[in-house]
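Enquirer: Would you mind keeping the following structure in view while I ask a few things?
FYI, it's all coordinate maths here, none of it is from the lab. Owing to the predicted nature of the structure, the values given are computational and were not obtained by experimental measurement. FYI the Cβ positions are ideal-geometry reconstructions off the backbone, even for glycines, and counts take in every protein chain you see.
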Amino acid sequence: MPTDAVIVWLRRDLRLADNPALFHAAATGAPVLPVYIHAPEEEGDWTTGAAGRWWLHHSLGALAGALQECGSGLILRSGESLEALLALARGSGARAVYWNRALEPALGVRDSRVRHALQGEGIEVREYPADRLFAPDAVRTRAGAPFRVFTPFWKAALTSGPDLEPLPAPPILPPLPGNPATLPLEALALRPATAWDSGLRAAWRPGEAGARTCLGETLAEVAPAYARLRDRPDRNGTSRLSPHLHFGEVSPRQVAAGLEALRAEAPAAAPGAQALLRQLGWREFALHLLHHFPETGDSPLDRRYDRFPWRETGPALDAWQRGRTGFPLVDAGMRELWTSGWMHNRVRMVAASLLTKNLRIHWLEGARWFWDTLVDADLANNTLGWQWTAGCGADAAPFFRVINPVRQSERFDPEGAYIRHWVPELAALPNRWLHAPWTAPGAVLREHGVVIGRDYPAPIVDLRASREEALAAWRATVQNA
Ligand code: FAD
C-alpha cells in the first residue's frame, strides 16, 4: 500500500544538522525512514579499513540514539543497496528516496545505477549536494579544465563564493507506524573481534555530538593559535576534525561557517581561522582531483612515475609500519597511528617521505597501511597526501626535495615532548641527542641506559646515501622520461 513516506538513505553523512536530504524529507511533513545500508563490496578497491570500521560502528550507534530522540530510529540493512532500498520501499509503501551525493567515484557510479533503477520502478529520487563546499564542476580554470595546483584552485573557489549557511537539524522526524525491521548494529560486524581498540576509545568520541564538541573546542582553543601551532605535533595545534568530516558527522559548511563567525567576532583569531579554512580548501582540492582523475586512487597523476624503480617491500616496510625505523620522529608518528588511529599532518609527511624516498617503497604500500589504521582514512585526502609526498601527484613537492626526518624533528618537536611520549625508551636522552640518538656519544647513551640496536633500533637506512640513490633513480626514469 503506497504511503507518502520518504526514505532517507544515509551514507557518509551521519548527522542530523546540515543534512540536506534529511532536512528536505522532514520538510515534506511525511513519515521519514532513515536507513543505513552496509554494502562494503560497493566501495570498490578501497573498502573501509579496520580503524574506519571501528569508527563507523560507534558513529552509527550515536546516530541511532540521536534519531530516537527526534521520535525516529535508524533502520540498518546490509547487502546490495538497490535491493535493500527496493525491499524497504515495498515493505513500507514509500515512493520517494532522498540522499546526499557521494564524494567518491565508485560510490557515484553505484548511485547513478541505483537512481535509474529506482526511477524505473516509479520511485522519486532526490539527490542533494553536501559534504563539500564546492560542486565538483563549479571550480575550473579559465580554459575550463580541472585545476592541478592548489593556490589558483582555492583562489577561484573562494571567488565563486560558497554558501555558508548550514541547515538546522529537523526538530522532529515523524516515524511510520509499525516501524520497519532493522538489523542489530552488531550484525554489521564492524567492531574488531579482538580488543585492540582501547587506544581508539581513549582518543575519540565518534558521532555528531562528539563532532560538535570537537568543533566547539576548535573554534575556542585551536583556531586562534592555528597559524602558529599547526605544524607542531607536540602541541594540540590542529582541530582533529578529520574523522568527523570523513564520516559526515559535521559538514565542511558548519566548520567554515564557524570559522567565518570567529573571524568576524575576534579579529585577533582571524589569521588562525583563515589558515584553518585554507586547510579545508585542501580537502576540497583533494575531492576536486579525485572527481576529475578518478584513477588516481591507484595510479599516479604524473604517469612518468609508472617507470620509477620502487623497491621490493620486506623488513623495511615492516619496521616502518611498527615504528621501528630508528628515526624517532617517524617512529613516534607510526606508533601514534597504531595506538590512536591518527597522526599529525607534519609527521604524516615525514613518515611518507622516508618510506617513498629514502626506502623507495611504493607510495601505495604506505597508502594501504594508512588506509587500514587511520580513523580518518579518506580516499581523496589519502591519495593527495601520498602522491604529494611521493612527488607524483598534483602540486606535488618536487621529488628532489627529500624531507630530512632529523631536521624536521628538531624544528617541529624542539623539546622532544612528542617523541618522549610515543618512544618512551628514548625519554631519558637529553634533547641534543633525542632526534638522532645513534649520533650520541657512547658515554651519553650509557649514562641514560640506552643501547642502540637493543633498546632502540639503529637507523634502517643511511639518509644521505639513500637520498642520492633515490635522486639518481628519479633522474634516470622520471626526469629524463
Ligand atoms: P586540521 O589541520 O585541523 O585541518 C582541518 C581539516 O582540513 C582536516 O580535518 C581535513 O579534513 C582538512 N585537511 C587538513 N590538511 C589537509 C591536507 N593536507 N589534505 C587534505 N585535507 C586536509 N587526511 C584525511 O582526512 N584522511 C587521510 O586519509 C589522510 N591521509 C594523509 C596521508 C598523507 C601521507 C598525508 C601527508 C596527509 C594525509 N591527510 C589525510 C591530510 C592531513 O594529514 C589530515 O587531514 C590532518 O592531519 C587531519 O588532522 P586535523 O583534522 O587535526 O587537521
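Enquirer: Explain nothing, just the number: relative contact order of the chain, from Cα pairs under 8 Å at least 6 residues apart, as a whole percent.
Expert: Computed value for the chain: 17 percent relative contact order.
Enquirer: Here's a follow-up. Give the order of F327, F399, F293 when sorted by the count of other beta carbons within 10 angstrom, beginning with the fewest.
Expert: The fewest-first ordering by Cβ neighbours comes to F293, F399, F327.
Enquirer: If R₀ is 35 angstrom, what is the calculated FRET efficiency for the pair A189 and S160, using the beta carbon separation as r and rounding to 0.05?
Expert: 0.25
Enquirer: What distance in nm lies between label points placed 7 Å from Cα along the C-beta direction at Q68 and E43?
Expert: 2.6
Enquirer: Please report the orientation-averaged projected area of the chain, defined via the convex hull of its C-alpha atoms, in nm².
Expert: Across all orientations, the chain yields a mean hull projection of 24.3 nm².
Enquirer: If you don't mind, another one. Calculate the tail of P(r) for region 111-243: the fraction of all Cα-Cα distances greater than 23 Å, expressed in %.
Expert: 67
Enquirer: Extension gain T213-E265, at 0.36 nm per residue separation less the Cα-Cα distance, in nm?
Expert: Once the chain is fully extended between T213 and E265, it gains 16.7 nm.
Enquirer: I'd like the distance between the alpha-carbon centres of region 228-285 and region 335-382, rounded to an integer number of Å.
Expert: Distance between centres, Cα-based: 21 Å.
Enquirer: While we're on this one: Pull out the extension gain between Q479 and A117, defined as 0.36 nm times the separation in residues minus the alpha carbon to alpha carbon distance; nm, one decimal.
Expert: Going from the current span to full extension adds 125.5 nm.
Enquirer: What is the distance, in nm, between label points placed 7 Å from the Cα along the Cα-to-Cβ direction at A397 and at E425?
Expert: Between A397 and E425, the label points sit 2.6 nm apart.
Enquirer: Follow-up. Once you wrap a convex hull around the alpha carbon atoms of region 1-124, what is its projected area averaged over all directions, in nm²?
Expert: 7.4
Enquirer: Another question about this same structure. Just how far, in whole angstrom, is region 405-438 from region 1-43 if you go by their alpha carbon centroids?
Expert: 49
Enquirer: Name all residues of region 439-481 having a backbone nitrogen under 20 Å from the label point set 7 Å from the Cα of T313 along its Cα→Cβ direction, giving them as ranges.
Expert: Once the point is set 7 Å along Cα→Cβ of T313, 460-461 turn out to lie under 20 Å by backbone N, inside region 439-481.
Enquirer: Right, another one. Consider all pairwise Cα distances in region 348-469 and report the whole-number % of them above 21 Å.
Expert: For region 348-469, the fraction of Cα-Cα distances above 21 Å is 48 percent.
Enquirer: Here is a follow-up. Computed over the Cα atoms of region 250-367, what is the convex hull's projected area averaged over all directions, in nm²?
Expert: If I average the Cα hull's projected area over directions, I get 9.6 nm².
Enquirer: Multiplying the sequence separation of L229 and A135 by 0.36 nm and subtracting their Cα-Cα distance, what value in nm do you get?
Expert: 30.7 nm
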